[in-house]
Amino acid sequence: MLLLISGSLRKESFNTKLLHVIARAYGGLSELADLNLPLFNEDLEAELDGVPTEVQKLSDQIKAAEAVIIASPEYNKNLTGVLKNALDWVSRTKGGPWKDKPVALVGASPGREGAARAMHSVVLAIKPFQPRLISGPELHIAAAHSEFAQDGTLPNERYMATIEAIVQNLKDATA
């Protein structure tokens, strides 16, 4: 199963659309993670005597996945608070779900840089958990508002070729 993690909660998120395009190219089972989590708070963790159930579910999804793909927009030249919050919460779960997990990072943004800075921030935030980051090729979709078709597909052949290469690298990492 391929776990899809979007750094955006928007219903019409370009990054969620991108994840669905990648999932179709990957084939097989995929699941979209829910990052609508409470804000990280050690007091809440103490009150619950552990992490919230939604956080444990996300951790379990990561652990069970054969690979993970994270797509995130860029907010103020950084990763989104939603994604950082999820990473912080999952770091509090037991069993190190990210350890050696093949993870690819992609981004789409209405801006000119296609979330490139956000991806750099995601690398810094996720590296301590020791995933097996797929180093390339990089996919940063700029002007995302004009790249997706009405049906959610991505008609740009160059982007699709890059997606095919990312998918192959993820599959190779899980073999």
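The amide H of L32, built 1.01 Å from its N in the peptide plane, has L4 as neighbours under 5 Å, considering only residues 5 or more places off or on other chains. Put the Cα centre of the range 158-175 next to the Cα centre of the range 31-55 and the gap is 32 Å.
Simple spin-label estimate for H120 and K77 gives 0.9 nm between the two label positions (7 Å along the Cα-to-Cβ direction from each Cα).
Report summary: the helix-based calculation at 222 nm, which adds -39500 (n - 2.57) for every DSSP H run with n ≥ 4 and divides by the residues of the chain, gives -12500 deg cm²/dmol.
Partner lysines whose Cα lies under 19 Å from the Cα of K57, excluding those fewer than 8 positions away in the same chain, are identified as K84, K94, K99, K101. Please work out whether the range 34-101 counts as rounded, prolate or oblate from its C-alpha gyration tensor, where a ≥ b ≥ c are the square roots of the eigenvalues and a/c under 1.5 means rounded, while otherwise a/b larger than b/c means prolate and anything else oblate? Since a/c reaches 1.5 but b/c is at least a/b, the shape of the range 34-101 is classed as oblate. Which one of Y75, A149, Q168 is farthest out on the positive end of the charge dipole of the chain, using unit charges on Cβ (Lys, Arg +1; Asp, Glu -1) and the Cα centre as origin? It is Q168. Each DSSP beta bridge with both residues in the chain is either parallel or antiparallel, and the antiparallel ones are about 5%. For the chain, the carbon plus sulfur part of the accessible surface works out to 50%, probe radius 1.4 Å.
For the range 42-74, backbone nitrogen atoms closer than 20 Å to the point 7 Å from H145 Cα along Cα-to-C-beta are found at 72-74.
Of the labelled figures (1) 54; (2) 58; (3) 64, only one reflects percent of Cα pairs over 19 Å apart as derived from the coordinates, namely (1). Note on surface exposure: L44, L83 rank L44, L83 by accessible area, highest first, 1.4 Å probe.
For L133, the amide hydrogen comes within under 5 Å of the amide hydrogens of V103, counting only partners 5 or more places away or on other chains and with H modelled in the peptide plane. Sorting the segments 49-61, 10-22, 70-82, 141-153 by their residues' average number of neighbouring beta-carbon atoms within 10 angstrom, most packed first, yields 70-82, 10-22, 49-61, 141-153.
Modelled label positions at R112 and D49, each set 7 Å beyond Cα in the direction of Cβ, lie 5.6 nm from each other.
The values are calculated or read from the model by the stated rules, or taken from the named source; none is laboratory data. What you see is a predicted model, and the numbers here were worked out from it, not measured in a lab. Here Cβ is always computed from backbone atoms with ideal geometry, including for glycine, and neighbour counts include all displayed protein chains. Quick note on the areas: whole protein, heavy atoms, side chains included, nothing else; ligands and nucleic acids left out. Shrake-Rupley method; radii C 1.70, N 1.55, O 1.52, S 1.80 Å.
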